[in-house]
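Colleague: First the structure, then my questions, so here it is.
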Amino acid sequence: MNVINPDLAAPDTDAATELTARDFTTDQEVRWCPGCGDYAILKAVRGVLAEAGRRPDDVVFISGIGCAARFPYYLASYGFHTIHGRAPAVATGVKMANPDLDVWVVGGDGDFLSIGGNHLMHALRRNVDLNLIMPNNAVYGLTKGQYSPASATGMRSPSSPAGSVEAPVNAALLALGAGARFIARSADTLQDHLPGVLKAAQANKGASFVEILQNCVVFNDGAFEAVRDKGLTADRTLRLEHGQPMIFGKDRDKGIAVDWQTGTARVVPVGDGGPVYDVTDHDQTNLALATILARMDAPDLPLALGVLYHAPADDFTVQRGDAPGRVIGRADLTGLLAAGKTWTVGDADVA
């Protein structure tokens, strides 16, 4: 585990509104494989941090293990490179100790959906005020290409030479099942889309989960063809806008109609081919619609991108009624531990 504590500049309050991406850039050489989507994600994150206007010393990036875990070294903020899968738990502690910090957690599909699935689930259900971003390349890239929980059925890898027989984890559905209040999806290749999604996640007060579809050019090239091939993206993806009809396609001639009785969606023609009133409007507060959107995939339906679900609620700190600055004296703590099998904590126990 490494704590990253760079020599942070402390811009004055007035200057904080004029931050740029350079203010969040360290002197470390950025090293990923040539063509890795992490470069684009890092660029988007730096831009969003600058736009959010939080000072570098108010921001913390926490990671587990994997290719994406290098983020804290490349961001001029406080950082903690922790252990495999435990980043959400460490981040929860950081946020509980200082709720004023802007805390980000970065983990790949192996980190968040496998060994860290337990910690991710509890951070989401507790609605801890964290920005959790998951670059999903559907493979263990750092350890040379083993199949991950997000890998497609049939994927051949060093750990599945005959092809995986397992169904991949749908990250958005997992987050919905865990009780997450903010769930979004974008892709590393969509620089006209990803920053907006990250900005919305940062603005949410509570746990924000963002899945970022990512191409691994070395071990899983073409895993998400719908977003990798620019010629296909318009016809194979649906960009969600709250309150707007769900229309997609290069010629904007297709829409999504939801059958609420069966919980399914279908593609309907729009324009000369059909009326727009058949198309369902996106409502990001609708849990049933979010579930339908999270399940949509090729070949019959487009992949839904953007904010799938956003239902604001009190975050974990507010629910607990914490007093972040409270300090328990050593003598009081010793007495409390030795008091018996039941404890009663009152004002007198807090120094």
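The values are calculated or read from the model by the stated rules, or taken from the named source; none is laboratory data. Computed from a prediction, not measured in an experiment: that's the story for all the values here. Cβ: placed from backbone, ideal geometry, glycine included. Neighbour counts: every protein chain shown. In case anyone asks, the SASA skips ligands and DNA or RNA and just uses the protein heavy atoms, side chains included. Shrake-Rupley method; radii C 1.70, N 1.55, O 1.52, S 1.80 Å.
Colleague: Which whole number in µm²/s is D for the stretch 107-213 by Stokes-Einstein, with the Kirkwood Rh taken over Cα pairs at 37 °C and 0.692 mPa s?
Modeller: My calculation gives 230 µm²/s for D.
Colleague: Now for a separate question. Gain in length, Asp221 to Lys199, computed as 0.36 nm per residue apart minus the alpha-carbon separation, to one decimal in nm?
Modeller: Gain on stretching Asp221 to Lys199: 5.1 nm.
Colleague: Let me ask something additional. Using R₀ = 30 Å, calculate the FRET efficiency as 1/(1 + (r/R₀)^6) where r is the Cβ-Cβ separation of Trp32 and His122; round to 0.05. Provide the component values of the computation, followed by the final result.
Modeller: Values: r = 30 Å, r/R0 = 0.99.
The formula returns an efficiency of 0.50 here.
Colleague: Here's a follow-up. Give the shape of the stretch 16-97 as rounded, prolate or oblate, defined through the alpha-carbon gyration tensor: a ≥ b ≥ c are the square roots of its eigenvalues, a/c under 1.5 means rounded, and otherwise the shape is prolate if a/b is larger than b/c and oblate if not.
Modeller: Oblate, since a/c reaches 1.5 and b/c is not below a/b.
Colleague: Follow-up. Can you tell me how much longer the chain between Asp229 and Gln319 gets when fully stretched, taken as 0.36 nm per residue apart minus their C-alpha distance, in nm with one decimal?
Modeller: 28.0 nm
Colleague: Still on this structure: Would you mind telling me which residue in Ala331, Ala203, Ala152 has the biggest mean-square fluctuation in a Gaussian network model of the chain, where springs connect alpha carbons within a distance under 10 angstrom?
Modeller: Checking each option, the largest mean-square fluctuation is seen for Ala331.
Colleague: Moving on to the next point. When DSSP beta bridges are limited to those with both residues in the stretch 119-241, what percentage is antiparallel, rounded to the nearest 5?
Modeller: 20
Colleague: Now for a separate question. If I model a spin label as a point 7 Å beyond the Cα along the Cα-Cβ vector, how far apart are those points for Val276 and Leu336 in nm?
Modeller: Spacing of the two 7 Å Cα→Cβ label points: 6.0 nm.
Colleague: Next up: Where in the stretch 245-281 does the label zone of Ala288 land, with the point 7 angstrom along Cα→C-beta and an amide N cut-off under 19 Å?
Modeller: Under cut-off, by backbone N: 245-246, 256-267, 278-281.
Colleague: Aspartates and glutamates within cross-link reach of Lys250: Cα-Cα under 14 Å, excluding same-chain residues under 8 positions apart?
Modeller: Asp229, Asp235
Colleague: Right, next: Can you give me the distance in nm between label points at Asp300 and Ala257, each placed 7 Å from the Cα along the Cα-to-Cβ direction?
Modeller: 1.5
Colleague: Further question: From the cross-link list Lys43/Lys254; Lys144/Lys199; Lys43/Lys230; Lys95/Lys144, which pairs have alpha carbons spaced over 24 Å apart?
Modeller: Lys43/Lys254; Lys144/Lys199; Lys95/Lys144
Colleague: Could I ask something else about it? For the Cα atoms of the chain, what angle does the longest principal axis make with the long axis of helix 38-52, in degrees from 0 to 90, nearest 10?
Modeller: 60
Colleague: Counting other Cβ atoms within 10 Å, keep those with at most 15, restrict to DSSP loop, and tell me which GluC sites (Glu not before Pro) in the stretch 193-261 are left.
Modeller: On the way: sites: Glu211, Glu225, Glu241; in loops: Glu241.
Of the GluC sites (Glu not before Pro), the ones in loops of the stretch 193-261 whose Cβ has at most 15 other Cβ atoms within 10 Å are Glu241.
Colleague: Another question, if that's okay. Between helix 194-203 and the chain, what is the angle of the helix's C-alpha long axis to the longest principal axis, kept within 0 to 90° and rounded to the nearest 10?
Modeller: The angle comes out near 40 degrees.
Colleague: How much of the DSSP beta bridge set in the stretch 14-162 is antiparallel, as a percent to the nearest 5?
Modeller: The antiparallel proportion sits near 20 percent.
Colleague: I've got another one for you. Of the candidates Gly249, Gly271, Gly66, which one comes out as most mobile in a Gaussian network treatment of the chain with C-alpha springs shorter than 10 Å?
Modeller: Evaluated over the chain, the most mobile residue of the options is Gly271.
Colleague: Just the number, please: percent antiparallel of the DSSP beta bridges in the chain, rounded to the nearest 5. Let's see the in-between values first.
Modeller: On the way: 21 of 48 bridges.
Expressed as a percentage, antiparallel bridges in the chain total about 45.
Colleague: Please work out the ratio of the alpha-carbon Rg of the chain to 2.2 N^0.38 Å and round it to two decimals. Show your work: numbers first, answer last.
Modeller: Numbers: Rg = 21.8 Å, N = 351, 2.2 N^0.38 = 20.4 Å.
Output field value: 1.07.
Colleague: Would you work out which of Ala290, Leu130, Gly222 lies farthest towards the positive end of the dipole of the chain? Charges go on Cβ: Lys and Arg +1, Asp and Glu -1.
Modeller: The Cα lying farthest towards the positive end belongs to Gly222.
Colleague: Moving on. Using the Karplus equation 6.51 cos²θ - 1.76 cosθ + 1.60 (θ = phi - 60°), what ³J(HN,Hα) coupling, rounded to whole Hz, does each residue of the stretch 99-106 give in order, writing x for Gly and Pro?
Modeller: x, 7, 6, 8, 9, 10, 10, 10
Colleague: Just need log10 I(q)/I(0) for the stretch 84-164 at q = 0.12, 0.14, 0.17 Å⁻¹, Debye formula, equal scatterers on the alpha-carbon atoms, no solvent, rounded to two decimals.
Modeller: Computed log10 I(q)/I(0) values: -0.39, -0.50, -0.67.
Colleague: Obtain the radius of gyration and the Kirkwood radius of the stretch 191-298 from its C-alpha atoms and give Rg over Rh.
Modeller: A ratio of 0.98.
Colleague: Separate question: Would you kindly work out the equivalent ellipsoid of the stretch 240-301 from its C-alpha gyration tensor and give its semi-axes, the square roots of five times the eigenvalues, largest first in whole Å? Mind dumping the intermediate values first?
Modeller: Values: eigenvalues 67, 32, 24 Å².
Three semi-axes, in Å: 18, 13, 11.
Colleague: For the chain, what does -39500 (n - 2.57) per DSSP helix run (n ≥ 4), summed and divided by total residues, give at 222 nm, in deg cm²/dmol to the nearest 500?
Modeller: Mean residue ellipticity, 222 nm, calculated: -7000 deg cm²/dmol.
Colleague: So, one more: Give me the 1.4 Å probe accessible area per residue for the chain, excluding ligands and nucleic acids, in Å².
Modeller: I get 48 Å² per residue for this part.
Colleague: Output the 0 to 90 degree angle, nearest 10, between the alpha-carbon long axis of helix 117-126 and the longest principal axis computed from the alpha carbons of the chain.
Modeller: Computed tilt is about 80 degrees.
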